[in-house]
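To start, the structure under review is shown below, and the notes come after it.
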């Protein structure tokens, strides 16, 4: 099937209140443009340099989401244009995003990444660290950062019970945080293999790549 057909099929299966982030990492601009020409406007990348290069040459009404782990020294490259950062996982990173956003007179929406997976390789904050950040003096002074929700990456497993328990835990955190942070409106969880289960557990933003674009291109140059 073509990218545009894949996209239509996925969009037709999503509830109206669920936002689709087309994860375009490693994919060429031609593939992204096929999705764009089919109406997709939100694209997710996990490398800042790749996202910045694509932003340079693609239409400017695209909303770019940074979904991968963020190194503080690279924030400046995406600060002029990034629409949302999914992987805010420390006070120091938040302060850097605020500093770079201020330079461009922008307010950048961010999600706190909560570690819900069992794998050590997955990034994210604990629930208590996230609460500490939200209640910190530093956050209250970061006028160019809007924390609008949570993101989580589930364990890479076929065990539906485990996935369900991880997604439900993140939804519980989201509901709890939202009571004191009414600005919260985004719960980003679920990828190609598990987004339907994530939606059943309360996700309203899914990050889907291979189901749209096919397998990723990890060949080295």
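What follows draws every value from the coordinates through simple rules; no lab data is involved. Remember, it's a predicted structure, so these values are computed and weren't measured experimentally. Cβ atoms come from the backbone with ideal geometry, glycine included; neighbour counts cover every protein chain shown.
List of remarks:
- Residue-span extension gain [residue 60 to residue 123] - 0.36 nm each, minus C-alpha spacing: 19.7 nm
- Value of [θ]222 nm, deg cm²/dmol, for the chain, DSSP H segments ≥ 4, -39500 (n - 2.57) each, nearest 500: -11500 deg cm²/dmol
- Over 19 Å [Cα-Cα, segment 1-123], rounded percent: 51 percent
- Distance histogram for the chain (every C-alpha pair counted, 10 angstrom bins, percent rounded to whole numbers): 8, 34, 38, 18, 2, 0
- Efficiency of FRET from Cβ geometry, residue 53 and residue 12, R₀ 25 Å, rounded to 0.05: 0.20
- Highest mean packing first, where packing is the average number of other Cβ atoms within 10 Å per residue, the peptides 203-215, 177-189 line up as 203-215, 177-189.
- Sorting the segments 51-63, 32-44 by their residues' average number of neighbouring beta-carbon atoms within 10 angstrom, most packed first, yields 32-44, 51-63.
- Longest to shortest principal axis, alpha-carbon extents of segment 99-221, angstrom: 42, 39, 25
- Cα centroid of segment 132-147 to Cα centroid of segment 1-54, whole Å: 31 Å
- Using the alpha-carbon positions of segment 57-134, Rg (one decimal) and Dmax (whole number) come out as 13.2, 41 Å.
- Computed lengthening from residue 164 to residue 2, 0.36 nm per intervening residue step minus Cα-Cα distance: 55.3 nm
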